[in-house]
Number of protein chains: 4
Amino acid sequence: MTTTEAAGAATSDAPSVSPTPVTTDHDRGVHGYHQQKDEHLKRLRRIEGQIRGLQRLVDEDVYCIDILTQVSASTKALQSFALQLLEEHLRHCVADAAVKGGEEIDAKVEEATKAIARLLRT
Amino acid sequence: MTTTEAAGAATSDAPSVSPTPVTTDHDRGVHGYHQQKDEHLKRLRRIEGQIRGLQRLVDEDVYCIDILTQVSASTKALQSFALQLLEEHLRHCVADAAVKGGEEIDAKVEEATKAIARLLRT
Amino acid sequence: MTTTEAAGAATSDAPSVSPTPVTTDHDRGVHGYHQQKDEHLKRLRRIEGQIRGLQRLVDEDVYCIDILTQVSASTKALQSFALQLLEEHLRHCVADAAVKGGEEIDAKVEEATKAIARLLRT
Amino acid sequence: MTTTEAAGAATSDAPSVSPTPVTTDHDRGVHGYHQQKDEHLKRLRRIEGQIRGLQRLVDEDVYCIDILTQVSASTKALQSFALQLLEEHLRHCVADAAVKGGEEIDAKVEEATKAIARLLRT
């Protein structure tokens, strides 16, 4: 994918040509969310538990509306996770593209906007 | 729960007019979604698998945007499940309340609308 | 449209055959939201004012984020209006179909669910 | 374009300590969405027309579900406008903050994420 290629290219080019290369975390293959990895995994495991809880509710014939309330809670948790991921993406990947200059920033912003649109449409 | 109590109340009010009280599936403790139970559990297990897939993506440092795409898919699957549950709820619980008459229908419709509002706000 | 036809059919049937015809507000051409018409129009005029306010903000080069906050407020107002309309629809049209019995209720519930799905996907 | 100019400036300044601060369009009071102003106003006028259309539908007692369909269309149009505004904001204001460096970028990204969260919650 573009990012990986670009990152790879940047790293191998770095020692040789470009006079003042900006080297960023992203070039080192570190995505924005990397530092919060443990927190993300914990969040996702909690959501997985919520989904298993939903199966229990259905299995025990719990009242429909109470199940719907739980579905809303799980959806909210997923959206929350998405927002945190997005924030880190903007802070690292998008900001990096801006610092490097060139056309990368337009592509990154368009890509991020499309991801936000997908989140909105669900 | 409220439904059962209310149903009981409706039955005791009935003596005036209708000689044969309407007994519905709901009175028999069968919620709307009961008949689709297996399908619901299958859907939820698939969503659980998606959430585990998300953990794998985070663990393997997959590109943020690709993870967000997967989050959107899981959220959509949850919304879809909620809509099916809601449809069955309207068809059974809400319709039953309407058939029985009385104030039950107002409470049921208000409750359903609040559940829809919660889904919309996530 | 189904409703109108059904209402027409019910009206023409009413004097003649059916032994105990249930005549509802809906048969009289009164949709659920009719009684709240003034309130609805007031709400919509307020939303129209919000949209005109947005044009002013754009015209005066107000900061993007402040405009987005206003867009969120307008979207929320529209969703709120939709929820009220939906609640009245469930209380009147859907409940009427349930009382009348027959296949109408299935069609009505399916139609309402599709409308809710459209609201969720925006 | 802003980003590229600013990026160019940043690169040449980089080696030194930058005694000459980077001046961007944003500093000159030009927000990201400025260049698309006419398009934005046209979009908003169209949405205003949709809201007036909704009033007509309510006034003419149109069937509830058909009104809900129109509400969904207006909400979608508003979300679409928001996404375009957001994209320009990310491309200009957020990218500018990244180029300038310092703590500004964190504040900008946090602010943008909160705006996205508000859009999601409506």
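Just so you know, all these numbers are worked out from the coordinates, no wet-lab data involved. Here the structure is a predicted model, which means the values were calculated and not measured. Here the Cβ positions follow ideal geometry from the backbone for every residue, glycine too, while neighbour counts run over all protein chains shown.
For D:G102, go 7 angstrom from Cα along the Cα-to-Cβ vector, then report the distances to that same point in the other copies in nm, smallest first.
2.7, 6.9, 7.3
Using the Karplus curve 6.51 cos²θ - 1.76 cosθ + 1.60 with θ = phi - 60°, work out ³J(HN,Hα) for each residue of the range B:98-111 in order, rounded to whole Hz, and write x for Gly and Pro.
5, 5, 5, x, x, 8, 3, 4, 4, 4, 5, 5, 5, 4
On alpha-carbon atoms, Rg over Rh for the range A:37-121 using Kirkwood Rh?
1.17
Which entries of D:K76/D:K114; B:K76/C:K108; B:K114/C:K114; C:K108/D:K76; B:K76/C:K76 have Cα-Cα distances beyond 22 Å here?
From the list (D:K76/D:K114; B:K76/C:K108; B:K114/C:K114; C:K108/D:K76; B:K76/C:K76), the Cα-Cα distance tops 22 Å for B:K76/C:K108; C:K108/D:K76.
In nm, what does the list of distances from B:K37 to its counterparts in the other copies look like, shortest first, when each label sits 7 Å along Cα to Cβ?
Ordered by increasing distance: 4.3, 4.8, 6.5 nm.
So which GluC sites (Glu not before Pro) in the range C:64-118 end up in coil per DSSP with only 13 or fewer other C-beta atoms within 10 Å?
Those satisfying the criteria are C:E103.
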